[in-house]
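The values are calculated or read from the model by the stated rules, or taken from the named source; none is laboratory data. On a predicted model such as this, the values are computed, not experimentally measured, just so you know. All Cβ positions, glycine included, derive from the backbone under ideal geometry; neighbour counts span all protein chains shown. Accessible surface areas use protein heavy atoms only, side chains included; no ligands, DNA or RNA. Shrake-Rupley method; radii C 1.70, N 1.55, O 1.52, S 1.80 Å.
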Amino acid sequence: MKLATLKNGTRDGQLVVVSRDLKKAVAVTHIAPTMQAAMDNWDTVSMHLQATYHALNIGQLDDVLSFNPKACEAPLPRAYQWADGSAYVNHVELVRKARGAQMPESFWTDPLMYQGGSDDFIGPMDDIPVACEDWGIDFEAEVAVVTGDVAMGVSAEEAGNHVRLLILVNDVSLRGLIPDELAKGFGFFQSKPASSFSPVAITPDELGGAWQDFKVHLPLLSALNGKPFGKPDAGVDMTFNFGQLIAHAAKTRNLKAGAIIGSGTVSNKQGTDHGTSIEDGGVGYSCIAEVRMIETIRDGKPNTSFMKFGDHIRIEMLDERGESLFGAIDQNVVEYRP
């Protein structure tokens with residue numbers, strides 16, 4: 001099943017069911033007016049949403065809309081919880097290696113996670129507003145899950161069964177603000193502005209055999225200014241699966257329906273100590289920071305610049321037939337003017 005939220009002038013938008021080919025949509029206000037309402041009542045409404053999805057795909061419904069991703073909010077325009085992990089330890093290892101720091105062994109057994117701002121997400125085709133280019137504007141291509149209610153202390157095996165939906169993420173980062181902020185010892189805040197999400201959220205069954213062991217075994221594609229930048233496989237080198245990430249988040253608290261748990265930047269080792277660009281025959285990267293890390297390790301300094309005003313980023317995932325699963329995050333960076 002595929003779901004999206006259309007802009008309608010309210011904070012939480014209008015829930016619609018989207019066809020498998022992402023061409024049509026139908027309003028389902030009589031079932032659930034918003035995505036959060038669907039999450040809150042998933043056991044009751046999911047079967048009705050699924051029946052609508054089936055009828056939409058076989059052409060049995062009236063009042064069908066043409067689906068336009070530009071009209072979409074994030075699937076959850078605001079959420080009760082947004083916690084982003086770092087499941088791809090290769091990414092973490094590169095960050096530390098570039099600055100000459102050893103990575104603690106515990107990073108391989110206990111995931112990193114930060115709690116992001118969840119009250120104001122960016123739509124999938126809306127501009128990314130940033131006040132200053134000198135802040136080191138970067139994209140981070142990720143996968144995330146939306147959970148049902150999760151009880152505190154849940155096991156990793158059980159936690160994976162609480163995945164209701166999957167979405168793609170652009171976890172926008174301001175790299176120039178991160179060092180001073182982390183040096184305070186209290187984590188990210190200003191350096192992690194509003195994140196962006198794919199226009200469509202999908203249920204795990206839409207992935208077929210690509211959803212195994214609570215991982216998505218498909219390449220995550222990113223293109224910077226129209227040039228392919230990354231295509232790492234989201235199921236490869238994922239040290240912690242989504243069951244483990246959810247269990248980590250729920251170790252000392254309950255998670256409420258609609259909680260979003262991110263994978264962190266998708267990163268593949270590609271058989272080397274660090275990755276290889278697409279130009280050099282590799283699978284590339286899911287953020288600019290990784291390229292700069294590798295340049296620092298190899299050349300002693302980074303050469304690739306972070307994003308500038310006017311730059312364009314596209315993030316998408318295709319199924320085995322080459323069809324878009326979630327639609328694309330497709331955005332420009334613009335100067336924010338109060």
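General remarks:
- Hits in segment 280-313 (condition: buried (at least 21 other Cβ atoms within 10 Å of the Cβ) and acidic (Asp, Glu)): GLU290
- Residue match in segment 168-184 (condition: touching a His at 6+ places or on another chain (Cβ under 6 Å), surrounded by fewer than 22 Cβ atoms within 10 Å (Cβ to Cβ) and not β-branched (Val, Ile, Thr)): no
- Scan segment 88-138 for residues that are under 16 Å from the mean Cα position of the chain (by Cα), under 29 Å from ALA250 (Cβ atoms) and among the β-branched types (Val, Ile, Thr) and the total you get is 1.
- Here the condition is being farther than 29 Å from GLY235 by Cβ and in contact with a helix residue (DSSP H, G or I) (Cβ under 8 Å, 6 or more places away or on another chain); of ALA71, ALA87, ALA32, ALA51, it holds for ALA32 alone.
- Any hit, segment 63-73, residues being aromatic (Phe, Trp, Tyr), open to solvent by less than 40 Å² (accessible area, probe 1.4 Å), at pLDDT 95 or above and farther than 25 Å from ALA257 by Cα: yes
- Scanning segment 158-187 for residues that are aliphatic (A, V, I, L, M), closer than 26 Å to GLY230 by Cβ, in a helix (DSSP H, G or I) and touching a residue at least 12 places away in the same chain (Cβ under 8 Å) turns up just one, ILE178.
- Qualifying residues in segment 268-279 (those that are among the β-branched types (Val, Ile, Thr) and modelled with pLDDT under 90) - the one surrounded by the fewest Cβ atoms within 10 Å (Cβ to Cβ): THR272
- Filter result for THR265 (surrounded by fewer than 19 Cβ atoms within 10 Å (Cβ to Cβ) and part of a loop (DSSP other than H, G, I, E, B)): no
- Positions within segment 207-223 being over 19 Å from SER86 (Cα atoms) and open to solvent by less than 30 Å² (accessible area, probe 1.4 Å), in sequence order: LEU207, ALA210, ALA223
- Taking (1) free of Cβ contacts under 8 Å to residues at least 40 places away in the same chain; (2) over 16 Å from the mean Cα position of the chain (by Cα) in turn, LYS269 satisfies each apart from (1).
- Residues satisfying the stated conditions in segment 193-210, i.e. among the hydrophobic types (A, V, I, L, M, F, W, C) and farther than 17 Å from ARG164 by Cβ: ALA194, ALA210
- Selection from segment 12-51 of residues that are of a type outside the set (S, T, N, Q), assigned to a loop (DSSP other than H, G, I, E, B) and under 21 Å from the mean Cα position of the chain (by Cα): ASP12, GLY13, ARG20, ASP21, LEU22
- Qualifying residue in segment 214-231 (condition: of a type in the set (D, E, K, R) and outside any loop (DSSP other than H, G, I, E, B)): yes
- Residue within segment 105-119 that is under 22 Å from ALA71 (Cα atoms) and open to solvent by 10 Å² or more (accessible area, probe 1.4 Å) present: yes
- Only one entry of ALA234, ALA257, ALA247 meets the criterion of being closer than 24 Å to ASP120 by Cβ, among the hydrophobic types (A, V, I, L, M, F, W, C), touching a residue at least 24 places away in the same chain (Cβ under 8 Å) and buried (at least 16 other Cβ atoms within 10 Å of the Cβ), and that entry is ALA257.
- Test: residue in segment 30-39 that is surrounded by 20 or more Cβ atoms within 10 Å (Cβ to Cβ), closer than 27 Å to ASN161 by Cβ and in contact with a His (Cβ under 9 Å, 6 or more places away or on another chain): yes
- Selected residue (only one of SER118, SER106 is under 26 Å from GLY327 (Cα atoms), among the hydroxyl-bearing types (Ser, Thr, Tyr) and not in a strand (DSSP E or B)): SER118
- Search result, residues across segment 325-338 that are over 30 Å from ARG20 (Cβ atoms) and in a strand (DSSP E or B): VAL333, VAL334, GLU335
- Any hit, segment 317-324, residues being surrounded by 15 or more Cβ atoms within 10 Å (Cβ to Cβ), under 18 Å from the mean Cα position of the chain (by Cα), not charged (D, E, K, R) and not in a loop (DSSP other than H, G, I, E, B): yes
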